[in-house]
Amino acid sequence: MIAPLDLSRFFEVHPVLETERLILRPITIADAEDVFEYGSDPEVTKYVVFLRHSSIEDSIKWLEKASDEFAKNAQMTFAITLKEEGKFIGSCGFHHFSPEHHRVEMGYVLNRKFWGMGFMTETVRELIRFAFDEMSMHRVQATCDLENVRSAQVMERCGMTLEGTLLDHELRRGKFVATKVYAILNRN
Ligand SMILES: CC(C)(COP(=O)(O)OP(=O)(O)OC[C@H]1O[C@@H](n2cnc3c(N)ncnc32)[C@H](O)[C@@H]1OP(=O)(O)O)[C@@H](O)C(=O)NCCC(=O)NCCS
């Protein structure tokens, strides 16, 4: 028998992760302006579940919800920040934790000014490493819109495999939409 994972220690103190160019740290309410910068961009929010932020209050609410979900051990959201300047450039994290099945889902979003520089690929590689090496997950998965080419490319660059299409998988702005599911397995 393989026991369910005990993830409690990861929710006692929010982890901080580091890559070559980035620090992934817990989000705070002080990040609201930076969240609004990408959350209000229609190009960035085109394929995500959350609605475009129309005021800074929407960004504050989003940050509060993310903190509440962390307190409930349901989500872990990181601010993606540049190591040198400390600039907040996006967010990422884990949700749909399934300790029984050693499985977790991942999500991410980047301010458009920072697209095209490999920051999300660097981030996702670290999330996968953390999920496998520290949380002892067996499977990390993520979904994206069929037209979200950039997101699909991030996952492919990180060694994730396209497993199929989930029909009417997300209810987005009142419409059911299909998503592609990608996953990577820990073979060690
Ligand atoms: C999905 C998203 C994060 C991808 O951003 P991205 O900038 O394309 O991805 P990366 O940060 O990994 O950068 C990859 C690009 O940088 C280039 N690059 C430069 N240096 C690099 C490096 N060291 N490593 C990898 N790529 C590098 C790649 O060639 C690629 O170039 P391209 O723009 O010509 O394809 C971004 O489009 C986004 O935030 N979209 C809106 C939110 C969203 O859809 N989230 C996902 C929901 S499923």
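PHE88 - would you say it is out of contact with any Lys or Arg (no Cβ under 8 Å at 6 or more places or on another chain), over 17 Å from THR161 (Cα atoms), modelled with pLDDT of 95 or more and more than 15 Å from the ligand (Cβ to nearest atom)? Break it down into steps so the answer makes sense when it comes.
Working: out of contact with any Lys or Arg (no Cβ under 8 Å at 6 or more places or on another chain): yes; over 17 Å from THR161 (Cα atoms): yes; modelled with pLDDT of 95 or more: yes; more than 15 Å from the ligand (Cβ to nearest atom): no.
Against the criterion (out of contact with any Lys or Arg (no Cβ under 8 Å at 6 or more places or on another chain), over 17 Å from THR161 (Cα atoms), modelled with pLDDT of 95 or more and more than 15 Å from the ligand (Cβ to nearest atom)), PHE88 does not qualify.
Counting only residues that are near the ligand (Cβ under 6 Å from one of its atoms) and surrounded by fewer than 18 Cβ atoms within 10 Å (Cβ to Cβ), which one in segment 116-152 is farthest from PHE88 (Cα to Cα)?
Taking the candidates together, the pick is ASN148.
Name the pairs whose Cβ atoms lie under 8 Å apart, with the first residue in segment 82-99 and among the basic types (Lys, Arg), the second at pLDDT 95 or above and part of a strand (DSSP E or B), and 6 or more positions between them or separate chains?
LYS83/GLU18; LYS83/LEU22; LYS83/ILE23; LYS87/THR81
Can you tell me which of (1) buried (at least 17 other Cβ atoms within 10 Å of the Cβ); (2) out of contact with any Pro (no Cβ under 6 Å at 6 or more places or on another chain); (3) not small (Gly, Ala, Ser) is the one LYS83 doesn't meet?
Going through the list (1) buried (at least 17 other Cβ atoms within 10 Å of the Cβ); (2) out of contact with any Pro (no Cβ under 6 Å at 6 or more places or on another chain); (3) not small (Gly, Ala, Ser), LYS83 breaks only (1).
Can you name the number of the only condition in (1) in contact with a Ser or Thr (Cβ under 9 Å, 6 or more places away or on another chain); (2) at pLDDT 95 or above; (3) not in a strand (DSSP E or B) that GLU64 fails?
It is condition (1) that GLU64 fails.
Consider segment 130-156. How many of its residues are of a type outside the set (Gly, Ala, Ser), assigned to a strand (DSSP E or B) and under 27 Å from LEU7 (Cα atoms)?
Going residue by residue through segment 130-156, those that are of a type outside the set (Gly, Ala, Ser) are 130, 132-135, 137-141, 143-150, 153-156.
With the extra rule that they be assigned to a strand (DSSP E or B), the set shrinks to 139-141, 143-145.
With under 27 Å from LEU7 (Cα atoms) added as a condition, the list becomes 139-141, 143-144.
Of the residues in segment 130-156, 5 are of a type outside the set (Gly, Ala, Ser), assigned to a strand (DSSP E or B) and under 27 Å from LEU7 (Cα atoms).
Only one of (1) touching a residue at least 60 places away in the same chain (Cβ under 8 Å); (2) assigned to a loop (DSSP other than H, G, I, E, B) fails for GLY159. Which number is that?
So GLY159 meets the others, but not (1).
Which of the residues belonging to segment 28-47 are part of a helix (DSSP H, G or I), within 13 Å of the ligand (Cβ to nearest atom) and charged (D, E, K, R)?
GLU37, GLU43
The values are calculated or read from the model by the stated rules, or taken from the named source; none is laboratory data. Owing to the predicted nature of the structure, the values given are computational and were not obtained by experimental measurement. Methodologically, a virtual Cβ is constructed for each residue, glycine included, from the backbone with ideal geometry; neighbour enumeration extends over all protein chains shown.
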